[in-house]
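Report on one structure; see the data block that follows.
Each value in this text was obtained by applying a stated rule to the coordinates, not by laboratory testing. Quick caveat, the model's predicted, so the values are computed rather than measured. Note: ideal-geometry Cβ built from the backbone for every residue, glycine included; neighbour counts use all protein chains shown.
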Amino acid sequence: MKTLAPTTPYLIRAIYDWCCDTSQTPYVSVRVSGASSVPLEHIRDGEIVLNIGTSATIDLRIDNEAITFSARFDSVSREIYIAISDVKGIFSKESGQGLGFNLDEAAEQKSSNSTEKGRTEPVNISPKQRLKIVK
């Protein structure tokens, strides 16, 4: 059975598109970890909030693994890499509307996907779920 891809990157792209379509500025809130590469001087309490709007980024790409782009920080161009699992939320600067993500669930889903490849677990089927043969 094929495992389902996480919904987080799809939801991030949807809110990003909505912000752009409604002339709002999309921001992402990111938990800083070793998986992401962000400007360390702008981190506050283990988190950074970044403008990912078209006027602030170059070559923005949101795929199923990461958000990548170039941006200028203090007049210096930087390559930014944000692991999808580190995205805490995406929202509009103007309205504050957007989505927040449970990072614990993302980490749990990632670890369960890696364990599913190596082993199978028995599935308990209750009596009501069993199929009957009808003649």
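If you take the beta carbon distance between residue 64 and residue 88 as r and set R0 to 22 Å, what does 1/(1 + (r/R0)^6) give as a FRET efficiency, to the nearest 0.05?
Values: r = 18 Å, r/R0 = 0.81.
My answer for the efficiency is 0.80.
If each of residue 47 and residue 95 carries a label point 7 Å out from its Cα toward its Cβ, how far apart are those two points in nm?
Here the modelled spin labels are 2.2 nm apart.
Going highest first, how would you order 77-88, 30-41 by mean Cβ packing within 10 Å?
Details: 77-88: 17.9, 30-41: 14.6.
Put in order of decreasing packing, that is 77-88, 30-41.
In whole angstrom, how far apart do the alpha carbon centroids of the range 69-100 and the range 14-36 sit?
Measuring centre to centre over Cα atoms gives 5 Å.
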